[in-house]
Amino acid sequence: MSVSTVPVVLSAVEQGILTLTLNRPEVLNGLTDGVLDAIATGCRDAATDDAVRVVVVTGAGRGFCSGQDLRAGAQDGDADIRSHLRDHYVPMIQAMRELQKPVIASVNGVAAGAGMSLALAADFRIAAESASFIQAFVRIGLVPDAGSSYFLPRLIGAARALEMTMLGETLDSAEALRIGLVTKVVGDADLPSATREFAARLGRGPRSAGLIKQLINSSLDNDLAAQLAREEEAQFAAAQSSDFAEGIAAFMGKRPPQFTGS
Ligand code: LHQ
């Protein structure tokens with residue numbers, strides 16, 4: 001038996017942007033434990049790495065991510081879906097959400113099942129024209145997992161979320177843009193440069209950007225009183241940052257600020 005040494009997720013940092021590329025193109029980047037753990041680790045490491053200001057997740061080849069690798073599951077004889085979700089899917093989704101830095105899904109092709117969940121857990125989705133989105137779970141008799149049932153109604157409303165998850169139909173990128181599922185759609189060849197440009201803009205942001213991510217995400221689960229308390233906490237933290245001092249100095253000096261993310 002030969003063991004492949006090709007990494008299932010490629011990792012590269014360039015100009016403050018950490019790009020995690022799912023690298024199983026022969027199965028449209030189907031998810032294995034190794035892939036899930038590598039994304040989780042990449043996001044956790046990014047939290048403490050000052051060289052990383054933004055994380056991009058994308059796929060090698062013509063697919064973004066086809067969801068759980070259905071063949072790997074069968075091979076492993078992995079009947080315990082609950083521990084599989086708890087031990088590998090949940091940590092990945094939480095690492096992406098808890099990271100106080102922006103995460104962009106650069107959706108280069110089909111995002112199906114938990115592959116769509118992965119895209120939804122990102123803070124922004126930039127899609128190639130040929131990208132598509134499928135809540136494929138129902139097609140094989142399953143329910144949405146890896147956060148799809150949480151993110152989808154919040155992004156597109158309950159009625160549309162029900163339609164997508166119960167019918168399992170394919171949504172093309174134009175329709176995804178129309179209903180607000182993606183930030184922008186670009187030509188296939190332009191996806192890497194459009195992603196870089198968007199990531200670079202976010203990467204020039206201040207320390208408060210990470211706190212803003214937390215605030216907006218918590219607002220969907222909190223009442224007004226709880227959210228006002230969160231704002232107070234976050235504003236206190238932002239006011240301690242050197243980027244706030246820089247923001248004020250730049251305003252007074254009538255010059256653009258140079259934020260460092262600290
Ligand atoms: C694949 C896959 C794949 C393996 C394409 N696995 N090989 C589930 C269970 C347990 C625990 C946790 O959570 C979950 C959550 C889930 O994610 S359930 C949903 C799993 N995903 C799916 O059901 C999607 C399955 N794939 C498809 O429906 C199609 O491949 C899509 C619509 C994504 C793309 O269709 P096409 O563009 O026509 O490509 P293709 O079907 O020809 O696929 C290309 C190759 O990739 C092919 O292999 P082959 O050897 O024939 O060239 C596929 O078998 C393989 N592949 N998805 N998930």
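The values are calculated or read from the model by the stated rules, or taken from the named source; none is laboratory data. Quick caveat, the model's predicted, so the values are computed rather than measured. Positions of Cβ are generated from backbone atoms using ideal geometry, with glycine treated the same way; all protein chains shown enter the neighbour counts.
Residues checked against (1) outside the structural domain of residue 32 (by TED's automatic domain parsing); (2) without any contact (Cβ under 8 Å) to a residue 40 or more places away in the chain; (3) within 21 Å of residue 216 (Cβ to Cβ):
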site	(1), (2), (3)
135	no, yes, no
161	no, yes, yes
177	no, no, yes
188	no, no, no
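Of 31, 36, all but one fail to be in contact (Cβ under 8 Å) with a residue 60 or more places away in the chain, surrounded by 24 or more Cβ atoms within 10 Å (Cβ to Cβ) and either on the phi > 0 side of the Ramachandran plot or not basic (Lys, Arg) (or both); the exception is 31.
Tell me, please, whether a residue that is under 19 Å from residue 18 (Cβ atoms), without any contact (Cβ under 8 Å) to a residue 60 or more places away in the chain and of a type in the set (Asp, Glu) can be found in region 194-214. Yes, that holds for at least one residue. Check region 29-43 and report whether any residue there is more than 9 Å from the ligand (Cβ to nearest atom), in the same structural domain as residue 160 (by TED's automatic domain parsing) and more than 17 Å from residue 9 (Cβ to Cβ). No, there is no match, as no residue in region 29-43 is more than 9 Å from the ligand (Cβ to nearest atom), in the same structural domain as residue 160 (by TED's automatic domain parsing) and more than 17 Å from residue 9 (Cβ to Cβ). Scanning region 5-27 for residues that are surrounded by fewer than 12 Cβ atoms within 10 Å (Cβ to Cβ) and assigned to a loop (DSSP other than H, G, I, E, B), we see that the one that is farthest from the ligand (Cβ to nearest atom) is 15. Residue 173 passes every criterion in (1) touching a helix residue (DSSP H, G or I) at 6+ places or on another chain (Cβ under 9 Å); (2) within 16 Å of the ligand (Cβ to nearest atom) apart from (1).
Please tell me if residue 209 is modelled with pLDDT of 95 or more, touching a strand residue (DSSP E or B) at 6+ places or on another chain (Cβ under 6 Å) and not hydroxyl-bearing (Ser, Thr, Tyr).
Values: modelled with pLDDT of 95 or more: yes; touching a strand residue (DSSP E or B) at 6+ places or on another chain (Cβ under 6 Å): no; not hydroxyl-bearing (Ser, Thr, Tyr): yes.
Judged against the criteria, residue 209 is not a match.
Residues being on the phi > 0 side of the Ramachandran plot, modelled with pLDDT of 95 or more, within 14 Å of the ligand (Cβ to nearest atom) and loosely packed, with under 13 Cβ neighbours inside 10 Å are represented in region 132-151 by at least one member.
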